[in-house]
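Some notes on the structure that comes next.
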Amino acid sequence: MARSRVITHPLSRRQILKGGSALGLGSAAALGLRPSWANPWGQSNVYSKGVEEGPEVALAIRRESIPIAGQQARPISINGTSPGPLIRLKEGQDAVLRVTNLLDEPTSIHWHGLILPPEMDGVPGVSFPGIAPGETFTYRFPVRQNGTYWYHSHSGLQEQLGHAGPLIIDAADREPFRYDREHVLLLTDWTFEEPTSVFRNLKTAEGYYNFQERTIADFFADVREKGFDATAEMRGMWAKMRMSSRDIADVTGSTYTYLLNGHSPEENWTALFKAGERVRLRVINGSAMSYFDMRIPGLKMTVVAADGQPVQPVPVDEFRIGVAETYDVLVAPEDDTAYTIFAEAMDRSGYARATLAPREGMAGEIPERRQIADRGMEAMAAHGMEGMADMAGMDHSNMQGMDDAGMAGMDHSSMSGMDHSGMAGMSDERSNMNANGMLAAGTAQPGSRYDQAGIGIDPSERRMLVYRDLKAFTPWPDRREPERELELHLTGNMERYIWSFDGKKFSEVTGPIHINKDERLRLILINDTMMEHPIHLHGMWMELENGQGELIPRKHTLNVKPGERVSALITADAEGSWAFHCHLLYHMDAGMFRVVKVS
Amino acid sequence: MRKTLLALALGLTTTAAFAGPGHGGSQPSVSDADIDRTIRFEAGDMWFDPERIEVAPGETIRFEITNVGNVEHEFVIGDAKAQEAHREMMRAMGGSHGDGHGGHGHGGHDMAEGEQGGEMPAVTIAPGETAELVWTAPQGVGDLEYACNIPGHYEAGMYGNFVRQG
């Protein structure tokens with residue numbers, strides 16, 4: 001099963017200079033370093049792009065030639081590597097991070113998921129002016145949390161050029177799980193095109209990167225299966241929405257090479273373990289546009305943290321990780337064999353891959369890739385009842401007809417999604433009102449689909465993590481009921497590539513969203529589009545109201561599925577201006593961005 | 001293995017009432033004189049402290065386990081296979097034992113079902129509480145582990161090993 005393979009890894013000048021502290025292949029043992037399993041806390045600094053230990057760290061940002069996937073490339077580097085080195089801090093430290101801009105344009109670093117003073121958040125135009133070429137900016141903040149996070153540029157499209165890296169904060173107290181060894185797995189999507197041309201392509205030609213568009217051949221296949229009328233009707237419906245039912249992602253594997261710790265699937269980055277060890281994998285989705293479904297065939301993964309926050313352990317076979325989310329999972333490989341770490345892009349246009357193995361040079365089998373999903377009826381569930389009426393006469397009687405015709409898109413999972421969002425939710429609503437006439441804190445909104453992983457997943461195939469599973473250990477300190485609800489629609493026009501909140505691009509809004517200092521707010525996000533959006537709030541946690549009552553989990557990034565209505569509680573204790581946006585890089589750049597002002 | 005189980009204990013406050021109602025009289029009562037050693041330890045989120053206990057076969061031990069964590073835990077003694085079978089069962093039942101205690105695990109004290117219907121000494125401990133379990137180590141004590149099989153807990157590291165003494 002294991003086949004060996006020889007791969008040459010070009011070491012950067014800096015990696016060689018650092019004398020092996022930055023390892024091309026994560027082979028600490030090979031270089032005679034102290035093995036990670038010798039550490040009682042199970043900590044290891046085995047990360048393929050080097051480690052910068054806090055509290056004082058200096059980072060130099062450059063644009064330079066570094067091969068990626070064996071090809072000539074010009075990424076943005078941080079201390080000579082791209083993606084950047086692992087920054088390791090400790091809870092309780094006062095971090096001092098000096099960032100020197102050696103680019104010929106302004107840059108910035110945002111510490112994703114960290115609770116810190118607003119002027120240290122690193123968003124040009126919101127928190128600070130940015131870092132001009134040749135300048136050094138010193139970030140100083142107390143580290144008041146622990147867990148798995150990441151950092152990235154918040155300037156233009158720089159993040160797409162590899163201006164990102166993992167940020168790990170070691171806990172001051174014992175964490176609610178134990179492990180013998182850890183590995184950081186940073187997922188990114190690399191393109192050899194300039195990000196500006198990717199954006200131009202998206203603006204000028206909808207579906208530019210979507211080679212999975214339905215073709216005339218698909219049309220005739222559908223006609224055979226469903227009959228002409230139903231097929232024509234479906235096509236008409238999608239045309240009217242200015243979308244294709246195969247728009248799963250807007251930038252795809254046709255331009256992206258999916259990387260794990262900066263390495264392509266062919267390079268097969270290897271994470272080492274000894275049979276019988278419990279291994280913590282800190283998984284970070286640091287990609288610009290790509291959601292991944294991660295699994296390790298042959299191993300159960302136990303999810304122990306989400307977005308850096310501990311959750312009650314959930315054993316799963318696979319989990320979907322939205323852009324900017326992080327998950328910590330434990331695995332316990334018993335056999336002295338190679339396991340494939342497989343992160344399939346949600347749109348199935350490619351995958352990132354690494355190997356978990358007892359020795360270098362091993363490889364497990366690569367699982368068969370799943371078929372591209374069709375948004376089909378999921379999109380309908382999405383828009384809820386009012387939306388349905390707008391869509392090409394998709395009323396109930398037509399749906400009945402479609403059912404008879406055996407529509408492929410109308411699978412049971414999406415239908416049950418409709419039930420949950422509509423009917424079942426309604427009765428919950430009445431019984432869970434608080435004194436303000438709002439849903440009680442922690443209650444799932446009608447229209448949420450927290451029990452579903454999303455498009456392209458067959459829940460009967462394997463146990464998939466869903467948002468409903470996430471449950472904190474203890475209630476978060478602020479137990480107040482929400483005083484106010486703030487509702488925002490996620491909106492967009494795929495054809496013109498405009499993405500926005502409430503129909504307004506960032507350039508069209510007049511001022512920030514105002515939140516009163518210390519108020520307890522319920523943020524309701526309603527996705528009116530046909531795509532997933534990972535929504536990120538800076539400066540404050542969002543407590544995802546996934547129905548776990550007072551044990552709802554806190555997150556920094558919430559995935560909102562097409563048509564879904566998602567809510568989170570916010571304690572507005574962080575005075576100042578904060579960014580709030582969709583973490584799909586080109587959506588943010590296209591206008592799906594707001595400033596939130598707490599005062 | 002059933003032979004090795006002398007008694008299941010109640011909470012600390014009721015140590016005097018050994019073999020009280022609910023034990024069905026099938027287990028003989030144990031007086032303090034029969035206990036060779038008391039081991040106090042902690043169950044947390046998600047660990048046991050200590051993670052390793054040295055025991056001699058035939059030794060009768062009183063475990064006093066305090067749950068210092070935030071969620072319910074159990075303490076089950078058995079070999080790895082039986083523990084795994086018990087985990088499978090709990091997962092299938094959505095985290096409870098389905099033993100008529102209203103989904104609250106073992107309901108304080110119970111036998112956990114292992115492989116082939118074999119029973120394992122077990123006790124469930126609510127957060128902040130202390131529970132007792134009296135148990136005599138069998139000859140094959142070195143093959144046994146103690147674990148919490150509430151879904152995800154074992155996987156997160158909540159188990160420990162018995163090491164045969166002497």
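The values are calculated or read from the model by the stated rules, or taken from the named source; none is laboratory data. The structure displayed is predicted, hence computed values, not measured ones. In this analysis, Cβ positions are derived from the backbone assuming ideal geometry, glycine residues included, and neighbour counts consider all displayed protein chains.
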Any chance residue A:540 is more than 28 Å from residue A:493 (Cα to Cα) and part of a loop (DSSP other than H, G, I, E, B): yes
Condition set away from every other protein chain (no Cβ under 14 Å) and charged (D, E, K, R), scope the range A:301-334, selection farthest from the chain's Cα centre (by Cα): answer is A:318
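Take the residues in the range A:460-481 that are of a type outside the set (Phe, Trp, Tyr) and within 22 Å of residue A:533 (Cβ to Cβ); name whichever of them is nearest to the other protein chains (Cβ to nearest Cβ). Steps first, answer last, please.
At the first step, the residues of the range A:460-481 found to be of a type outside the set (Phe, Trp, Tyr) are A:460-466, A:468-472, A:474-475, A:477-481.
Within this subset, residues satisfying the condition of being within 22 Å of residue A:533 (Cβ to Cβ) are A:464-466, A:468-470.
Details: A:464: 15, A:465: 12, A:466: 15, A:468: 13, A:469: 10, A:470: 12 Å.
Only one residue tops the list, namely A:469.
Filter the range A:543-587 for residues that are β-branched (Val, Ile, Thr) and assigned to a loop (DSSP other than H, G, I, E, B) and give the result. Give the derivation first.
Going residue by residue through the range A:543-587, those that are β-branched (Val, Ile, Thr) are A:552, A:557, A:560, A:566, A:570-571.
A:552, the sole residue that qualifies.
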Residue count, the range A:276-287, condition in contact with a Ser or Thr (Cβ under 8 Å, 6 or more places away or on another chain) and among the small types (Gly, Ala, Ser), comes to 2
Given the criteria away from chain B (no Cβ under 13 Å), out of contact with any Phe, Trp or Tyr (no Cβ under 9 Å at 6 or more places or on another chain) and either assigned to a strand (DSSP E or B) or hydrophobic (A, V, I, L, M, F, W, C) (or both), does residue A:270 qualify?
yes
Screening A:491, A:510 for residues that are hydroxyl-bearing (Ser, Thr, Tyr), touching a residue at least 24 places away in the same chain (Cβ under 8 Å) and over 29 Å from residue A:312 (Cβ atoms) leaves only A:491
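Any idea which residue in the range A:493-514 is farthest from residue A:205 (Cα to Cα), counting only those that are assigned to a strand (DSSP E or B), in contact with a Phe, Trp or Tyr (Cβ under 9 Å, 6 or more places away or on another chain) and modelled with pLDDT of 90 or more? Step through it out loud before you land on a result.
The first filter runs over the range A:493-514 and keeps only residues assigned to a strand (DSSP E or B), leaving A:493, A:498-501, A:504, A:513-514.
Filter once more, so that each one left must be in contact with a Phe, Trp or Tyr (Cβ under 9 Å, 6 or more places away or on another chain): A:493, A:499-501, A:513.
Within this subset, residues satisfying the condition of being modelled with pLDDT of 90 or more are A:499-501, A:513.
Values: A:499: 15, A:500: 19, A:501: 22, A:513: 32 Å.
This residue is A:513.
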Answer yes or no as to whether residue A:553 is in contact with a Ser or Thr (Cβ under 7 Å, 6 or more places away or on another chain) and touching a residue at least 60 places away in the same chain (Cβ under 8 Å). no
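Does residue A:298 satisfy the criteria of being over 15 Å from the mean Cα position of the chain (by Cα) and modelled with pLDDT under 95?
On the way: over 15 Å from the mean Cα position of the chain (by Cα): yes; modelled with pLDDT under 95: no.
So residue A:298 fails the test.
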- prompt: In this structure, does residue A:283 turn out to be within 14 Å of chain B (Cβ to nearest Cβ) and either touching a Leu at 6+ places or on another chain (Cβ under 7 Å) or over 19 Å from residue A:469 (Cβ atoms) (or both)?
  reply: no
From the option list A:288, A:275, single residue qualifying as away from chain B (no Cβ under 14 Å), in contact with a helix residue (DSSP H, G or I) (Cβ under 6 Å, 6 or more places away or on another chain) and either outside any strand (DSSP E or B) or closer than 11 Å to residue A:183 by Cα (or both) is A:288
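Look through the range B:40-64, keep the residues that are farther than 25 Å from residue A:173 by Cα, part of a strand (DSSP E or B) and of a type outside the set (Asp, Glu), and return whichever of them is nearest to the other protein chains (Cβ to nearest Cβ).
Quick first cut of the range B:40-64, residues farther than 25 Å from residue A:173 by Cα only: B:54-63.
This time we only want the ones that are part of a strand (DSSP E or B), so: B:54-55, B:60-63.
Retained after the next criterion (residues that are of a type outside the set (Asp, Glu)): B:55, B:60-63.
Details: B:55: 22, B:60: 29, B:61: 24, B:62: 26, B:63: 20 Å.
The extreme case among them is B:63.
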